[in-house]
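Right, one structure below, let's go through it.
The values are calculated or read from the model by the stated rules, or taken from the named source; none is laboratory data. Treat the numbers as computed from the prediction; the structure is a model and nothing was measured. Note that we place each Cβ from the backbone using ideal geometry, even for glycine, and neighbour counts take in every protein chain shown.
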Amino acid sequence: MSVIRCNSMKKRNIPVMYLIMFFQGMVFYASISTLYRLERGLTLSQYAIIDSLALIMTLVLEVPWGVVADRIGYKKTLFIANGFYVISKIVFLNAHSFIGFLLERVLFALAVSGISGVDTSILYLSCDGSESQKVFGRYGAFGNAGVLLSAGIFALFNLTHSQAALFTAIAYGCALIASAMLVEVKGEKQERDSAGFIEMLKITLKDYRLMLFLLSGALISVCSWVIVVFLNQNQYLANGATERFIGFTFIVTSLANFLGVFSSKITDRFGDLKGGILIIMSMGVTATLLSFSHNMYLSLTLIALTDVLHTLYVPLESRLHSDYITVADRATMMSIYMMVIDLFSTVPNVLMGISGEKSLPATFRWCGLLFALSSLGYVLFVMGKRNTAE
């Protein structure tokens, strides 16, 4: 009876995590974040420096946060990290200088690195393993719903930049309150069975199939970001789009992202191997076709489709990561995965940035090739996982 009650309490975490993700998706100033900083005295070069420092800090803090989470519990860690998130938004609201915005990014890095791996661990341990991919997909959809709602409110009520920052801070405060409602999912038995960090790092680095899978994940993430975020506006402008059209594309891609909830339907139908290959190779096709597009509507369709495909892939990737972990210190291992992915992403990210400045079509073709190469790493990992299970 107590086991049933415990499982019921843990399942309560799932809607609470959805609620947290929804509130944290409500970044009311998302569409004017750069303008906001420039109006408050920051220059573009200073913004780039701050963002780079934040990325490095996030990378460095990934594993320490995972170790902390496995020692004090996932609920406490998420609550503390969400606390840093709220403080960062309050600092953002009041920042008027380089130091102010630097402090905001430091707090932001503390929050992001603290949440990374812990949120998926809570979700994974709060549901049946077979349901995790579906849960991860819905988790992302709730965040997207928050993005859409906040964007709609910002445009409909013509909020000032300061009002947008204030409402964002309030939304993140609501997420902090919601995180207090979670139930701890890391038990005493897990703590006794914990492995050491060095041992887990060695396990990861020696597993060549896992490393290829993490490399594939890094390349897929970078290429998707290049197409959907970094070069999308340049592509639209090159094809004669107006700023109003570009604003319209944000709504279209945000709505399309809700299709991510069907991630589990694809793998239920085709299996992990064929389903994953279908998603990754489809991204390769859209990227290649995009390199030949000279029409803004076709470009929008291909970019939105790439975004949808990546949204379908993320829950599958998260579930495969979670299923592969056998040690009790789940958050630490997940943080190691994220650290390796971030390291793998560094060089391709820089190279894509350089390529994007020289030629949009060539960069999109490079993305198509990297998606194809990523599918090979994915195949080796899934096939190896299947053979091990047999």
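A few remarks follow.
- When each of 248, 213 is tested for being touching a helix residue (DSSP H, G or I) at 6+ places or on another chain (Cβ under 7 Å) and part of a helix (DSSP H, G or I), the lone residue that passes is 213.
- Any hit, the stretch 39-62, residues being among the β-branched types (Val, Ile, Thr) and within 16 Å of the chain's Cα centre (by Cα): yes
- A search for C-beta distances below 8 Å between a residue of the stretch 30-46 that is more than 14 Å from residue 160 (Cα to Cα) and any residue that is among the aliphatic types (A, V, I, L, M) and surrounded by 12 or more Cβ atoms within 10 Å (Cβ to Cβ), counting only pairs 6+ apart in sequence or on different chains, returns 42/50; 44/38.
- For beta carbons closer than 6 Å, sequence separation of 6+ or different chains, a first residue in the stretch 278-301 that is more than 23 Å from residue 375 (Cα to Cα) and a second that is aromatic (Phe, Trp, Tyr), the qualifying pairs are 296/236.
- Qualifying residue in the stretch 68-79 (condition: without any contact (Cβ under 8 Å) to a residue 60 or more places away in the chain, within 19 Å of residue 124 (Cα to Cα) and of a type in the set (A, V, I, L, M, F, W, C)): yes
- Condition check for residue 299: more than 22 Å from residue 58 (Cβ to Cβ), modelled with pLDDT under 90 and more than 17 Å from the chain's Cα centre (by Cα): no
- Meets criteria (in contact (Cβ under 8 Å) with a residue 12 or more places away in the chain and over 21 Å from residue 324 (Cα atoms)) for residue 157: no
- The residue that is farthest from residue 348 (Cα to Cα), counting only those in the stretch 204-248 that are β-branched (Val, Ile, Thr) and in contact (Cβ under 8 Å) with a residue 12 or more places away in the chain, is 246.
- Of the residues 178, 165, 155, 256, the single one that is surrounded by fewer than 15 Cβ atoms within 10 Å (Cβ to Cβ) and either at pLDDT below 80 or not in a loop (DSSP other than H, G, I, E, B) (or both) is 155.
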